[in-house]
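Please read the structure below before turning to the comments.
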Amino acid sequence: MARRWLRALPLLAAPATTSFAANQPSSAVPPSGCPMHNKEPGSSGPPSPLTGGCPVRHKKEGKVYNVYSEEIDPTNMMPQPNQGIAPGQQYPLSTERVDSTIPKGGTESTWSYPSPQMFYNALVRKNKGENVQEEDVSVIVAIHNNMNEKTWKEVMSYEHHCHPGSVDQVKLLKFIGRPDELSPIARIKSWLGYGIPFDRHDWTIDRNGTLVRYVIDYYHDETQTDELPGLHSEGKVQSISLYVRPAVDSPTALLDRIKMGFHCMTGGSNQQTSQDQQPESEEEVKQELAWLKVDELDWRSDLSADEWTLLRNRLTSKCSDKMLRWKEAENEEEYQMAARMVDLCMGALACQEESRRFKAALESNNESVLEKADQELFDCVGAFKAAMAGSRK
């Protein structure tokens, strides 16, 4: 897999074979751009009880806003789902959302992962989408979803070993990114030469009425390569590892860390038992692969307003320099030449078959063939311009 999309990976979670996998030295160069990287609202006291509602300090009117003045969901500190076309977006992205296997606190359902379109919108909103191509977004989302599932499995390993009696009631209540705050363990490990994690997240679970915070440090190793994972693929994302443990917010949490450490030191596994692990299904693989397909748009068909927006954005991106020359032409000759270059650029985008015939005719040295191909391309571009103008009405 090309590393250009891995660097843009907006991580919520990361995979590891054990919760102590991050003890190996790794690169501190992170994939950039997590949409969850929002600071947690300040609080002078501990989270409120479950009976008091969401454990996030709300404004008086009951709504929470981010620094962009957007209303956000206090359980994940994210804006309301946006499935619209992002500014400058050139290709359509899937709006399908995948349901996770992570139980959502306060409900009987599970958390839902963002669609590729939502994910891309989050990157653009936070000015982190500049180097991300639309065709890469679905790969990023597939890795994001896979690693969230693995992170939850790591959390549940602690719960299985330390609190087996309440494991069926455990749910994820909220999560938040804290990329600028090194955990004490991460700071100590960095002093010892193990590198700095590129991200940190805090996940708060509801353990049968008790709130427990887990701390997760994420490490990236650029020497490793990855494959496209399904939701429950094992071993396909090798470049990212994590270290997960309960925060020492109580004597119980400290005891749990001692228990798990002793368990692993004596040869035990921190993974769940095989009956608790869900295999990757064929349907999951098909869904992830379907996301990889970036659809071409045929302007001759009945396009929606959003699809016309994508085409105009693509046209602006590919032909903006030629349009600028056309606007800045100082005489009739320059104007005609620049207008012709704009038409050829438009044709390469909207009239691909006619453009191929025109290029072949140029090489044929057959004047009649060239004249015919030129007229076909001219007619096609003219029809495209008329259709594009009509789409604005």
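The values are calculated or read from the model by the stated rules, or taken from the named source; none is laboratory data. These numbers were taken from a predicted model, which means no experiment stands behind them. Reconstructed Cβ throughout: ideal geometry from the backbone, glycine too, with neighbour counts over all protein chains shown. Each accessible area value is taken on the protein alone, full model and side chains, heavy atoms only, with ligands, DNA and RNA left out. Shrake-Rupley method; radii C 1.70, N 1.55, O 1.52, S 1.80 Å.
Data table
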quantity	calculated
Answer from LEU324, LEU362 - the residue that is more than 30 Å from THR95 (Cα to Cα), open to solvent by 60 Å² or more (accessible area, probe 1.4 Å) and in contact with a helix residue (DSSP H, G or I) (Cβ under 8 Å, 6 or more places away or on another chain)	LEU362
Flag for THR210 being of a type in the set (Ser, Thr, Tyr) and modelled with pLDDT of 85 or more	yes
Identity of the residue in the range 80-98, touching a Leu at 6+ places or on another chain (Cβ under 9 Å) and β-branched (Val, Ile, Thr), that ends up least open to solvent (accessible area, probe 1.4 Å)	VAL98
Single residue of the range 224-256 satisfying the filter (assigned to a helix (DSSP H, G or I) and of a type in the set (A, V, I, L, M)) that is surrounded by the most Cβ atoms within 10 Å (Cβ to Cβ)	ALA253
Matching residues in the range 99-146 - criterion: being part of a loop (DSSP other than H, G, I, E, B), surrounded by fewer than 18 Cβ atoms within 10 Å (Cβ to Cβ) and touching a helix residue (DSSP H, G or I) at 6+ places or on another chain (Cβ under 8 Å)	GLY106, ASN131, GLN133
Residue that is least open to solvent (accessible area, probe 1.4 Å) [pool: residues in the range 180-223 that are free of Cβ contacts under 8 Å to residues at least 24 places away in the same chain and in contact with a strand residue (DSSP E or B) (Cβ under 8 Å, 6 or more places away or on another chain)]	ARG200
Some residue of the range 364-384 being under 15 Å from ARG312 (Cα atoms), aromatic (Phe, Trp, Tyr) and touching a Gly at 6+ places or on another chain (Cβ under 9 Å)	yes
Test for ILE85: is it assigned to a loop (DSSP other than H, G, I, E, B) and among the β-branched types (Val, Ile, Thr)	yes
Residue match in the range 345-357 (condition: of a type in the set (Ser, Thr, Tyr), within 17 Å of GLU296 (Cα to Cα) and either surrounded by 13 or more Cβ atoms within 10 Å (Cβ to Cβ) or more than 36 Å from the chain's Cα centre (by Cα) (or both))	yes
TYR158 being hydroxyl-bearing (Ser, Thr, Tyr), in a helix (DSSP H, G or I) and either in contact (Cβ under 8 Å) with a residue 24 or more places away in the chain or surrounded by fewer than 19 Cβ atoms within 10 Å (Cβ to Cβ) (or both)	yes
Test: residue in the range 193-204 that is at pLDDT below 90 and outside any loop (DSSP other than H, G, I, E, B)	yes
Of residues in the range 162-176 being in a helix (DSSP H, G or I) and out of contact with any helix residue (DSSP H, G or I) (no Cβ under 6 Å at 6 or more places or on another chain), the one least open to solvent (accessible area, probe 1.4 Å)	SER166
Test: residue in the range 366-377 that is under 22 Å from ARG325 (Cβ atoms) and open to solvent by less than 20 Å² (accessible area, probe 1.4 Å)	yes
Selection status of GLN90, touching an Asp or Glu at 6+ places or on another chain (Cβ under 9 Å) and more than 27 Å from GLU296 (Cα to Cα)	no
